[in-house]
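What follows is a set of notes on a single structure, which appears directly below.
Read the figures in this text as sums done on the coordinates, not as results from a lab. Only a predicted model underlies this, so the values are computations on that prediction, with no experimental measurement involved. Neighbour counts are summed over all protein chains in view; Cβ atoms, including those assigned to glycine, are modelled from backbone coordinates with ideal geometry.
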């Protein structure tokens, strides 16, 4: 399958080959169709594009820099490493790009209430932020386990005026938060828009979120051409649902010389229920509205997952990533908790940048690959978010003590 064909997906039914689609209860079919129609109208509306561009520039602070990581490059002794600094966006991650696009759609549709799910809390903060901007009520669903390990972001959401609802069902993480958000949406369709946070779920969410996030790759492509006068040899990004990665990858899909590398959560190793690497033992299935690779047992029951990173701790992966993997256009690997923690500390000590634990998985893979490439090679790592939210958790795991 050629990369050119990938650029034209999904098809009219929301499928990326065998992946994607719209597998939802009948009650959700109409609001999804309404959202799809409004989104495609907005795509062709110059006023929508102008408004979104205005907020991305004046409020978010785009474009985000493409930063040459000089000391990390020297330390690893191989390829020249650039970091796409999504951590410098307002709210501290790439999530704000999509949240802004979706709330502008909600406003067009006359919605007055926003709901969202969140794992690491960054999407929750972004959703609460844009809801505050536009004067809408906001409810965030978050697994009870994630509320504990991402306590800082819970406080941020509440300060922004959102109601944070801890979810105590099941594993008490991201999957359960999505379930509760979908239940809310079914109950409050008339007033409510669901700002789904990643390139997952029922059509049109995967294509819509990808297109709101492709600004990452569009900027990175222009920036590397300006700095190096050529395209990079490799792009590396972490993959949970996959929005930061597909946002970086998509504008490069037709450039066959650019290798695309997605990094999943290897957790405590590739053993059942010890990781969240869907391409390592996952199988085809349907979960929460779409068809993709899922960590499930032989009876189709969703397996528990584990990652030190709340944002990667999810049993399924976005359908476009599944398509790119099966089409051999992108490669997907994993980093373990220990590798991510080591990368977190190395970037902090060498570059003065504290990354999100999610982003640290991408840095970890860069640390493996860069030394194997020549000094004339170029790598772009997507630094999808900053690590303020993870500092206490990492300090505990690496043994940093508060001074007495």
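What residues of region 156-200 lie in the reach of a label at residue 133, counting those whose backbone N is under 19 Å from a point 7 Å from the Cα along Cα→Cβ?
Residues 156-163, 193-199 fall inside that zone.
Where the centroid of each part is defined by its Cα atoms, how far is region 251-289 from region 110-155 in Å?
26
Pop the C-beta distance of residue 228 and residue 34 into the FRET formula with R0 = 56 Å and round what comes out to the nearest 0.05.
The formula returns an efficiency of 0.80 here.
Contour minus end-to-end for residue 148 and residue 190, with contour as 0.36 nm per residue of separation and end-to-end as the Cα-Cα distance?
11.9 nm
Taking the chain as a Gaussian network, Cα atoms linked when under 10 Å apart, which of 119, 385, 374 shows the biggest mean-square fluctuation?
374
How many percent of DSSP beta bridges within the chain run antiparallel, rounded to 5?
Bridges in the chain are about 30 percent antiparallel.
If each DSSP helix of 4+ residues adds -39,500 (n - 2.57) and the sum is divided by the residues in the chain, what number results at 222 nm, nearest 500 deg cm²/dmol?
That calculation yields -12500 deg cm²/dmol at 222 nm.
If a paramagnetic tag sat 7 Å from the Cα of residue 297 along the Cα-Cβ line, which residues of region 313-331 would have the backbone N under 19 Å from that point?
314-316
Using Cα-Cα distances under 8 Å and only pairs 6 or more residues apart, what relative contact order does the chain have, in percent?
Relative contact order here is 21 percent.
Given springs between every Cα pair under 10 Å in a Gaussian network model of the chain, which of 222, 120, 128 has the largest fluctuation?
222
Have a look at 178, 186, 261 and tell me which one the Gaussian network model of the chain (Cα, springs below 10 Å) gives the largest fluctuation.
186
Give the calculated FRET efficiency between residue 13 and residue 112 to the nearest 0.05, with a Förster radius of 51 Å applied to their Cβ-Cβ distance.
0.95
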